[in-house]
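Read through the structure below, which is laid out as structure tokens, and then see the notes.
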Amino acid sequence: MIKLWAFIALGGAVGALARYGLAGLVQTGGGTFPWGTLVVNVLGSFALGFLMRYLLGSGVASPELRAALTIGFCGAFTTMSTFSYETVALVNDGQYWLAWAYLAGTFVLCLTAVVGGLATANQLL
């Protein structure tokens, strides 16, 4: 059990650092629309869809590595709590159209990314 927790913790640490780095890289232009979080959520959704299908379908990874990549990395990399806060912040700032675009864009793009990840993994299996 401790071994599994260590794998998840390591994956989470890497995912959190990757989230910080990528979101900061994307969100360089300033502005109020949270592009960094949107990109991270879409990529993380694709990665989770792909990893779940491919790793479970192929059996190439141990349960510990699967947990590190899915629960640890993807769990820390995707940013649902940040997404929720940023949506509320846009509403509180009176930027209703941007809040709606962010909400709808994240929902549609992340669901599409999960389907894309599943389909990509299916092509490899």
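If the requirement is being of a type outside the set (S, T, N, Q), over 30 Å from Leu125 (Cβ atoms), out of contact with any Cys (no Cβ under 7 Å at 6 or more places or on another chain) and in a helix (DSSP H, G or I), which of these qualifies: Gly57, Gly24? Before the answer, list the steps.
Working: Gly57 fails: over 30 Å from Leu125 (Cβ atoms).
Exactly one of Gly57, Gly24 is of a type outside the set (S, T, N, Q), over 30 Å from Leu125 (Cβ atoms), out of contact with any Cys (no Cβ under 7 Å at 6 or more places or on another chain) and in a helix (DSSP H, G or I), namely Gly24.
Among (1) assigned to a loop (DSSP other than H, G, I, E, B); (2) within 18 Å of the chain's Cα centre (by Cα), where does Gly94 come up short?
Failed condition: (2).
When you check Gly15 against the structure, is it surrounded by 21 or more Cβ atoms within 10 Å (Cβ to Cβ) and either under 20 Å from Ala119 (Cβ atoms) or not basic (Lys, Arg) (or both), yes or no? Even if it seems obvious, please write down each step before you answer.
Numbers: surrounded by 21 or more Cβ atoms within 10 Å (Cβ to Cβ): yes; either under 20 Å from Ala119 (Cβ atoms) or not basic (Lys, Arg) (or both): yes.
So Gly15 fits the description; yes.
How about segment 50-105: which of its residues are surrounded by 13 or more Cβ atoms within 10 Å (Cβ to Cβ), more than 27 Å from Phe33 (Cα to Cα), touching a residue at least 60 places away in the same chain (Cβ under 8 Å) and of a type in the set (Ser, Thr, Tyr)?
If the condition is that a residue be surrounded by 13 or more Cβ atoms within 10 Å (Cβ to Cβ), more than 27 Å from Phe33 (Cα to Cα), touching a residue at least 60 places away in the same chain (Cβ under 8 Å) and of a type in the set (Ser, Thr, Tyr), then Tyr54 is the only one that fits.
Please determine whether any residue of segment 39-46 is under 28 Å from Ala6 (Cα atoms), modelled with pLDDT under 95 and more than 12 Å from the chain's Cα centre (by Cα).
No, every residue in segment 39-46 fails to be under 28 Å from Ala6 (Cα atoms), modelled with pLDDT under 95 and more than 12 Å from the chain's Cα centre (by Cα).
The values are calculated or read from the model by the stated rules, or taken from the named source; none is laboratory data. Note that the structure is predicted; figures quoted are calculated from it, not measured. Positions of Cβ are generated from backbone atoms using ideal geometry, with glycine treated the same way; all protein chains shown enter the neighbour counts.
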